[in-house]
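A quick write-up on the structure given underneath.
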Amino acid sequence: AAVGATVRVGLDPAALQQGIVDHLRYSIGQLPALATPAHYYRALALAVRDRLQDRWIRTTETYFEQERKLACYLSAEFLLGPHLANNLLNLGLEEAARGALAALGQDLDTIIDCEPEPGLGNGGLGRLAACYLDSLATLAYPAVGYGIRYEFGIFAQQIRDGWQIERTDKWLHAGNPWEIAKPDICYEVNWGGHTETYADEAGLQRVRWVPFRVVKGLAYDTPIQGFGVDTCNTLRLWSAEAVESFDFQAFNTGDYFEAVEAKLRSETVTKVLYPNDEPAIGKRLRLAQQYFFVSCSLQDMLRILDLAGVPVERFAERYAVQLNDTHPSIGVAELMRLLIDERHLDWDQAWAITVAAFGYTNHTLLPEALETWSLPLFRECLPRHLEIIFEINRRFLDQVRARFPGDEARVARMSLIGEVGDKQVRMAHLASVGSHAINGVAALHTDLLENSVLADFHELWPERFSNKTNGVTPRRFLALANPGLRALLDRTLGTDWLVDLTALRRLEAHIEDPAFRSEWRAIKHANKRRLADYIATQTGVELDPNWLFDIQVKRIHEYKRQHLNLLHILTLYRRLKADPGLGIPPRAFIFGGKAAPGYFLAKRIIKLINAVAGTINADPEVNERLKVAFVPNFNVRNAELIYPAADLSEQISTAGKEASGTGNMKFMLNGALTIGTLDGANVEIREQVGDENFFLFGLTADEVARLQRQGYRSADWLDSHAELRAVLDMIGSGHFASGDSEVFRPLVENLTDSDPFLVLADYAAYVACQERVASAWSDPERWTRMAILNTARCGRFSSDRAIREYADEIWGLQPVAVSAHI
Ligand code: 26Q
């Protein structure tokens, strides 16, 4: 190949080095002598993107030529995490990059740490979308991710005086070497205004939407390279801009300032990710974000269909459109609008296409987390869509009445319009009616979905429902996160586990080999050392890697019960204070997670964790047996340090409340044992690993429901448990707050007065279960066997398995082999 080609595509260290030097000069304009690791990061990222480019173009071209079905994953969030190390892994370029940088006097790990992570999501749902993109590409499925290019992602969390402080996440401030702007791929999106009817040339009555405002959506594409294949799919994120023509009126009348203000208003649409993981009422901008990205994405699908010369009637043969929760569910009404108002299809034809194209994934059962929009707000913002939703509803309720004559209570329950209190549009109902497939994200969750929130829909259309238990990508969460374990697995099993996680079963043959177990322990120890060093630099708390590392990392939520974990810690603290000779194994309790900025109790839970940490870590009577640390700013990057260092994974949500959990799977993958309730995917984890290798405690979902029906009284549990009362009193007394008895009063009162998530009811069982954990830990050989079994039996929880199920059972999607020219 010519020299120029080598700079762009050569995979050997020398070519890569040349590529880096070239970008440093021609793309960045930096003198090598003055280049910092951040400059080298950008240069390497650009050199790696060059090496993706042929695969990327070839993939797009292959899909276009082969006229095959494409999966479109619509998600308001993609919590991608850093790209560089992942792309090096998937391209098989890790050693070449290390060598190329070494020749330039640079260290690859230092360079990798320079990447600001794209945190375009809140937690589980956004990270799931990112894992699914990885699996889609690795399995060679034709797919596109569609979402929002937030200028500011999830806030960076700092801890000041024990409290969470939010800092804006300026992930784009040094530019983003991974994305390519496609300014020619852009669409107009209407907002507000009113509708009119008119007669077309043929005299047919049609509807026209006269908007109050028009915003333009621009595409930014990011390559999603599969592991070990040439498939490189696209993540297309939309960024909002003002429509040029829109300023002119104000400009011409001399109000330049007004014109600029209108431009700014347009651009706020994609400014910032909402940092809540449940809906807040009446947030017009959130509705604007949802409609904006969904409209751009559907217009894009139609444009590509036109380009391919495929008639719009065949839309559903060419696209499977998956709704990641209800956030993109306005798509049901938008596709109807595009097909009827713009493409002039009749209602029945448009509806058949819509239902055949859409699938809906539900991620929550919590009633307060189900999305609704107030009818007046909805009408003001999306007047045409409301008309369409009324018509969908009219036809749908006719169907319900025909099937269940005289059952008006059922009709009211199922209506797309809720009439309890103020009228609302129920997005989960819109998504369910407009989709041929509806799924939950774990077996228990799907079961509860079918029998509670969507029971009426399940009765009407049982064939639409199925379960798709979540999964996580072993490339990022094992190979990248745990290089020590990766090397052991490669040496012991070969490398096929990376694309067939069930191959880890073969580890079971090595469990009785003491040398293997001791290697296993050495790897875990090194991972714990690495995390301890990180925690020491971030918080000043020093942890000993020989201790049991007991970890709970996830968003802070009452239903996830970080405070139950705290009650256990304080029980041990009190016992140790009373009896300093008590024989309990030393434990490090590690927490991490962000609270929604407006979530009062969640923020107090963070403050309490830090207050307890301050007291315990400084007390020589207990700090040789107990330590507590809160890792600030839990994100994808530090998650990759945390999961591999865990001995014990805390999955202690109130049964029936956690739809699935995916952190539970990331811990299991890395050989942590789980202490957990029968909730979400914990149920399936326990099934896989065996009852004897899982620390189970607590009420079941049925028992929780029954207790709450009967009228749960938390005070009953206080009367019968002196130790629990003492712990709560201690929190309330100000013991952890230099005598301030106010700060934690709301938390204590929440538990003693209402306890909505049954923390007190599960307390005794949890503490008893933790005693079983302690006794298992005291036998290291037994613990190691159980740890190995956890990794060996995690095969089901690969996102590859989950994606195959979606492809086969919902999307009707076949893999398409891509072969790059180079
Ligand atoms: C909705 C409207 C307005 C503003 C915000 C939102 C919003 C944003 C994010 C609502 C929900 C979310 C995120 C939910 C989420 O992460 N759910 C988790 O999804 C995981 C993947 O399926 C599951 O494993 C978890 O159990 C579930 O809690």
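The values are calculated or read from the model by the stated rules, or taken from the named source; none is laboratory data. Small disclaimer: the values here were computed from a predicted structure and weren't measured. For neighbour counting, all protein chains shown are included, and Cβ atoms are generated from backbone atoms with ideal geometry for every residue, glycine included.
Could you list, in sequence order, all residues of the stretch 326-364 that are within 24 Å of Glu201 (Cα to Cα) and of a type in the set (Phe, Trp, Tyr)?
Trp347 - this is the single residue of the stretch 326-364 that is within 24 Å of Glu201 (Cα to Cα) and of a type in the set (Phe, Trp, Tyr).
Could you tell me which numbered condition Met668 fails, if it satisfies all but one of (1) part of a helix (DSSP H, G or I); (2) at positive phi?
(2)
Kindly indicate the residue of the stretch 200-243 that is of a type in the set (A, V, I, L, M) and modelled with pLDDT under 95 and also nearest to Arg303 (Cα to Cα) among those meeting that condition.
Residue satisfying both the conditions and the ranking: Val243.
Need the failing condition index for Asn87 against (1) under 30 Å from Trp238 (Cα atoms); (2) out of contact with any helix residue (DSSP H, G or I) (no Cβ under 6 Å at 6 or more places or on another chain); (3) more than 16 Å from the ligand (Cβ to nearest atom), just the number.
The one condition Asn87 does not meet is (2).
Among the residues of the stretch 153-168, are any modelled with pLDDT of 95 or more and under 17 Å from Leu218 (Cα atoms)? Break it down stepwise before answering.
Looking only at the stretch 153-168, we keep the residues that are modelled with pLDDT of 95 or more, and these are 153-168.
Then drop every residue that is not under 17 Å from Leu218 (Cα atoms), which leaves none.
For the stretch 153-168, residues modelled with pLDDT of 95 or more and under 17 Å from Leu218 (Cα atoms): absent.
State whether the residues of the stretch 97-112 include one that is closer than 27 Å to Ile605 by Cα, assigned to a helix (DSSP H, G or I) and in contact with a Lys or Arg (Cβ under 9 Å, 6 or more places away or on another chain).
no
Every residue in the stretch 149-179 that is within 16 Å of the ligand (Cβ to nearest atom) and of a type in the set (Gly, Ala, Ser), please.
Of everything in the stretch 149-179, just one residue is within 16 Å of the ligand (Cβ to nearest atom) and of a type in the set (Gly, Ala, Ser), namely Gly153.
Mind checking which residues of the stretch 355-385 are in contact with a helix residue (DSSP H, G or I) (Cβ under 7 Å, 6 or more places away or on another chain), more than 16 Å from the ligand (Cβ to nearest atom) and within 23 Å of Leu70 (Cβ to Cβ)?
Ala356, Ala357, Phe358
Quick check: is even one residue across the stretch 291-314 of a type in the set (Gly, Ala, Ser), within 16 Å of the ligand (Cβ to nearest atom) and modelled with pLDDT of 95 or more?
Checked the stretch 291-314: no residue is of a type in the set (Gly, Ala, Ser), within 16 Å of the ligand (Cβ to nearest atom) and modelled with pLDDT of 95 or more.
Read through the list (1) over 30 Å from Ile57 (Cα atoms); (2) under 28 Å from the mean Cα position of the chain (by Cα), then give the number of the only condition that Val748 fails.
Every listed condition holds for Val748 apart from (2).
Cβ-Cβ distance below 6 Å, separation of 6 or more or different chains: which pairs start in the stretch 108-136 with a residue that is more than 14 Å from Arg476 (Cβ to Cβ) and end on one that is near the ligand (Cβ under 9 Å from one of its atoms) and at pLDDT below 95?
Filtered contacts from the stretch 108-136: Asn122/Asp277; Gly123/Asp277.
Do the conditions hold for Leu345, that is, is it closer than 29 Å to Pro142 by Cβ, within 13 Å of the ligand (Cβ to nearest atom) and modelled with pLDDT of 95 or more?
Values: closer than 29 Å to Pro142 by Cβ: yes; within 13 Å of the ligand (Cβ to nearest atom): no; modelled with pLDDT of 95 or more: yes.
When the stated conditions are applied, Leu345 does not pass them.
Report yes if Cys72 is away from the ligand (no atom under 16 Å from the Cβ) and assigned to a loop (DSSP other than H, G, I, E, B), otherwise no.
No; evaluated as a whole, the condition is false for this residue.
Please give the number of the condition Glu781 fails out of (1) acidic (Asp, Glu); (2) over 26 Å from Leu136 (Cβ atoms); (3) without any contact (Cβ under 8 Å) to a residue 24 or more places away in the chain.
Glu781 satisfies every listed condition except (3).
Got a sec? Which of Tyr141, Tyr146 is part of a strand (DSSP E or B) and either in contact with a His (Cβ under 7 Å, 6 or more places away or on another chain) or more than 14 Å from the ligand (Cβ to nearest atom) (or both)?
After applying the criteria, what remains is Tyr146.
With Glu650, Glu692 as the choices, which residue is surrounded by 24 or more Cβ atoms within 10 Å (Cβ to Cβ) and away from the ligand (no atom under 14 Å from the Cβ)? Spell out how you get there, then give the answer.
Values: Glu692 fails: surrounded by 24 or more Cβ atoms within 10 Å (Cβ to Cβ).
The conditions single out Glu650.
Among the residues of the stretch 629-647 satisfying the criterion of being surrounded by 24 or more Cβ atoms within 10 Å (Cβ to Cβ) and not in a strand (DSSP E or B), which is nearest to the ligand (Cβ to nearest atom)?
Tyr643
Take Gln349 and tell me if it is closer than 30 Å to Glu317 by Cα, without any contact (Cβ under 8 Å) to a residue 60 or more places away in the chain and not aliphatic (A, V, I, L, M).
For Gln349, the condition - closer than 30 Å to Glu317 by Cα, without any contact (Cβ under 8 Å) to a residue 60 or more places away in the chain and not aliphatic (A, V, I, L, M) - is met.
Have a look at Ala792, Ala776, Ala787, Ala768 and point out the one that is among the aliphatic types (A, V, I, L, M), farther than 24 Å from Ser653 by Cα and modelled with pLDDT of 95 or more. So that I can check it myself, show each step before the final result.
Values: Ala776 fails: farther than 24 Å from Ser653 by Cα; Ala787 fails: farther than 24 Å from Ser653 by Cα; Ala768 fails: farther than 24 Å from Ser653 by Cα.
Just one listed residue meets the conditions, Ala792.
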